[in-house]
1. Quick one: count up the residues across the stretch B:60-95 that are aliphatic (A, V, I, L, M), more than 14 Å from chain C (Cβ to nearest Cβ) and open to solvent by 10 Å² or more (accessible area, probe 1.4 Å).
2. Working only within the stretch A:189-206, note down all residues that are acidic (Asp, Glu) and open to solvent by 10 Å² or more (accessible area, probe 1.4 Å).
3. Looking at A:LEU78, A:LEU114, A:LEU71, A:LEU88, can you tell me which residue is without any contact (Cβ under 8 Å) to a residue 12 or more places away in the chain and either away from chain B (no Cβ under 14 Å) or part of a loop (DSSP other than H, G, I, E, B) (or both)?
4. Return the residue satisfying two criteria in turn: it lies in the stretch C:27-81 and is under 25 Å from B:THR275 (Cβ atoms) and acidic (Asp, Glu), and of such residues it is modelled with the lowest pLDDT.
5. Considering each residue of the stretch C:34-54, count those that are in contact (Cβ under 8 Å) with a residue 12 or more places away in the chain and open to solvent by 10 Å² or more (accessible area, probe 1.4 Å), and give that number.
6. Could you tell me whether any residue of the stretch B:138-152 is small (Gly, Ala, Ser), open to solvent by 40 Å² or more (accessible area, probe 1.4 Å) and on the phi > 0 side of the Ramachandran plot?
7. Starting from residues that are out of contact with any helix residue (DSSP H, G or I) (no Cβ under 8 Å at 6 or more places or on another chain), open to solvent by 60 Å² or more (accessible area, probe 1.4 Å) and assigned to a loop (DSSP other than H, G, I, E, B), keep the ones in the stretch C:106-125 and report whichever is modelled with the highest pLDDT.
8. I'd like the full set of residues that are in contact with a Leu (Cβ under 7 Å, 6 or more places away or on another chain) and either touching a residue at least 24 places away in the same chain (Cβ under 8 Å) or of a type in the set (Phe, Trp, Tyr) (or both), limited to the stretch B:153-162.
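The values are calculated or read from the model by the stated rules, or taken from the named source; none is laboratory data. Here the structure is a predicted model, which means the values were calculated and not measured. No Cβ is skipped: glycine too gets one built from the backbone with ideal geometry, and neighbour counts run over all protein chains shown. With ligands, DNA and RNA removed, areas are computed over all heavy atoms of the protein, side chains included. Shrake-Rupley method; radii C 1.70, N 1.55, O 1.52, S 1.80 Å.
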Amino acid sequence: MRNTGGLLRTLRTLRARATRALPAPGAPEAPRTLGALVLAALLLAAAPAMAGSGPPDLTGVWSIVGHTSTLKTIEGSLPPLNAAARTLYEQHLAAAARGDRSFDGVTRCLPPGLPRLMLMNEPFEILQRQRVIYFVHQLNRLPRRAYLGEQLPEDPDPLYLGFSVAHWQGDVLVIESSGFREGTLLDDAGLPHSDALHLTERYQLGKDGRTLHARFKIEDPKTYTHSWNAQAEYVRRPGYEIPEEVCADQLASKLRQNGKD
Amino acid sequence: MSGPLGQRGTKAGACLRAFVWTLLVAGTAVAAPPAPKTLFNSGDPTLALTPPLRGAGIAPPGSAPPNADPHNLEGVWWLQGYEYMLGPASGVPPPLKPEYMRILERRIRAKNRGTPEADASTQCFPHGMPRLMESPYPIEIVQTPGRITFLHEVAHNIRRIWMNRAHPANPPLTFLGDSVGHWEADTLVVDTVGLNDRTFIDDEGSSHSTRLHTIERYRKIDGGANLELIMTVEDPVTLEHPYSYRRVYHWRPDIRPQEYVCEENNRNAPINGVTVAK
Amino acid sequence: MKTQQATLASAVLSALLAQAVWAHHSFATFDTAQQKTLVGTIKEVQWTNPHIWVQVLVKNDATGEMVEWSIEGGSPNGLSRQGWRRSSLKAGDPVEIVIHPLKNGSNGGSLMKVSVNGKPIGKPPAGKG
């Protein structure tokens, strides 16, 4: 059902997208913007043939609200680890209590894996384009690409951040990921996962345009007795410019400080 | 048109111009063929340069055609060739001041002895500038309002080019510096300062200081099939004068940057300042 | 004609493979003027960045004992674009490996080409230039 608000929103989105597709040059900008407006008007005229009012623009810097080291399900409980996974998890907890975080590759500058990278206490930037959604993280400059409209690979060589494909369900960005290497964790505390992990992320912009609601569905039959959901919230950080973070340099400094070299 | 000696119209001026032109033409004719003799083509084997590589090829037949829009640089680009030394031309060193030329020679000799001096890349640090743009791995350019982003496959390096603004007064010194850009007609001009001195200009080990300043000029050529870069390098501490060199990147829509986690098994990490292969 | 093509193909393959072993700064430790062929068994493959490493057990002809060689290859990123996969080489595979040996003479080298049971691993990348 189309309404005035929806039409206006469409026009704004189309205009923004049209101008965004043509990055600001120097002098010729005015004719380009005019061209974009004409394009937007033509597309708007064709609006009844289009379904929905166009996806929102998630481009910008975001940081997590209420970072936690211990990932819980949406219901507030410990995720449903199977017996072997529970043993491993408890080993991680015990090691951490002793001050031994060698089970955690992040301490050696390895990527945190997913969804943990989305749950770290460091900002990230979304660059939203038509065929790819880029996530670029402050944490060691790690990038992640979600390819719009594609299928996950059948038999990939597994990666720390796996492979991600995305599509829009109305206003919700849905990302499916698989092909994860073993050895990363789901949270700082040490929740394990296997190479069977299949992650579904859903991102929805809040009505104020400044918050991002996220829902994570974890399916990993080798580790958890059934699939479960977690959630997170992010807030925009307008004006925040992600600084260069080089983990290997930070690690080397730390080792020097500890007297080892 | 009035040239450097240029006052039009006087007879003396005309004579002088003719004299200078004659010298220039004669000089050009004489200097044309062999490259000027440098320490590096002197035949000293301890100063042997690593020969350049062929680099990436063009996109395979049937690939998506490039877009001709000169202001849309988005896509994956892959360097043609690879030079270990980034002077004004292949085999020609940067115009380093004498004390820094001695350091370059020292580094080349160490390399040829099999004990190369430690550099940023073998410690999983960013390669610095201009060296990062001499990457044998794909580079993806993404454009969003007010920003152009270079996503490098190699060790997931990233450069953020802030469009149409000035550098901050005292930028913190980082491995890849502070980059600002603007368009001059169809050329993207990127200006970078704020580089720390923990990297080298190039793989062979040419030195730079924290006063390094690079200017990149990017222009699509060949209907968008290639991206031309004119890199200008300036460093009043280590270089006698600024210099420029040209590179070409191929449009490669068939390539996707892949994960590259340098830290996962770096057996080249230097020991006592020497790069190893353990 | 076939032999010519095969020779040309293998020359191209070698040239491209040599380039895939892109001379990282660390490759100065290898003697690129020398080549050596090792015949042995894969002990371990480290399919990692910045370089893959292949640990090979080679029989020392003089002493008869098995000696471990550490062979450094290119990045998985480049190799996978030439048809390699993480599983292309596995522990236990009988291999013939051609390397540039370490300048310091210890048991190591840079990977030039490798075959398992006579079959070469990898193929030239698409896109000539």
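1. 3
2. A:ASP195
3. Numbers: A:LEU114 fails: without any contact (Cβ under 8 Å) to a residue 12 or more places away in the chain; A:LEU71 fails: without any contact (Cβ under 8 Å) to a residue 12 or more places away in the chain; A:LEU88 fails: without any contact (Cβ under 8 Å) to a residue 12 or more places away in the chain.
The unique qualifying residue is A:LEU78.
4. C:ASP31
5. First, the residues of the stretch C:34-54 that are in contact (Cβ under 8 Å) with a residue 12 or more places away in the chain: C:34-45, C:47-54.
Then drop every residue that is not open to solvent by 10 Å² or more (accessible area, probe 1.4 Å), which leaves C:34-37, C:39-41, C:43-45, C:47-48.
Qualifying residue count, the stretch C:34-54: 12.
6. Restricting attention to the stretch B:138-152, the residues satisfying the condition of being small (Gly, Ala, Ser) are B:146.
Now restrict to residues that are open to solvent by 40 Å² or more (accessible area, probe 1.4 Å): B:146.
Keeping just the survivors that are on the phi > 0 side of the Ramachandran plot gives B:146.
Taking every residue of the stretch B:138-152 in turn, at least one turns out to be small (Gly, Ala, Ser), open to solvent by 40 Å² or more (accessible area, probe 1.4 Å) and on the phi > 0 side of the Ramachandran plot.
7. Taking the candidates together, the pick is C:ASN107.
8. Our first condition is that a residue be in contact with a Leu (Cβ under 7 Å, 6 or more places away or on another chain); within the stretch B:153-162, this holds for B:156-159.
B:HIS156, B:ASN157, B:ARG159, listed by residue number.
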